[in-house]
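Engineer: There's a structure below that I have some questions on.
Values in this text are rule-based calculations from the coordinates and carry no lab data. Nothing here was measured: the structure is a model prediction, and the numbers come from that model.
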Amino acid sequence: MTQDEDSQEDAGDTPVEIPIDGVLDLHAFQPREVADLVNHYLDECRARGIFHVRIIHGKGTGSLRELVRDVLSKRQDVAKHRLDSQTPSGWGATLVELRRGPAPGQSPRKNLP
């Protein structure tokens with residue numbers, strides 16, 4: 001392995017900071033990273049009071065879209081999800097609506113005295 005190849009491999013292990021603004025673009029990520037990324041992103045959105053999320057997966061072959069749909073279908077805090085038919089990207093993005101309140105399986109936070 002050359003020094004350039006070694007430094008490129010190390011760069012792939014460097015964490016990428018993603019803004020938590022309700023739009024997650026998956027184009028820059030490897031398919032093996034997507035399930036954990038989507039789950040963590042949605043958790044952060046809920047924690048920040050963002051309940052409407054747009055996940056951009058691209059059109060491609062549809063495998064990434066199906067992976068995203070699979071992740072969403074396993075989350076109890078997803079009220080509904082659908083392809084984004086209102087924008088030019090169409091089926092290259094999925095709209096997600098998260099349930100409000102505590103995540104299912106969690107008790108509401110109580111203020112301690």
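Engineer: May I ask you to give the average projected area over all directions of the convex hull of the Cα atoms of the stretch 25-88, in nm² rounded to one decimal?
Structural biologist: Directional mean of the projected Cα hull area for the stretch 25-88 stands at 4.6 nm².
Engineer: A follow-up question, please. Could you list which residues have their amide H under 5 Å from that of Leu24, counting only those 5 or more apart in sequence or on another chain, with H placed in the peptide plane?
Structural biologist: It is Arg54, Ile55, Ile56, by chain and number.
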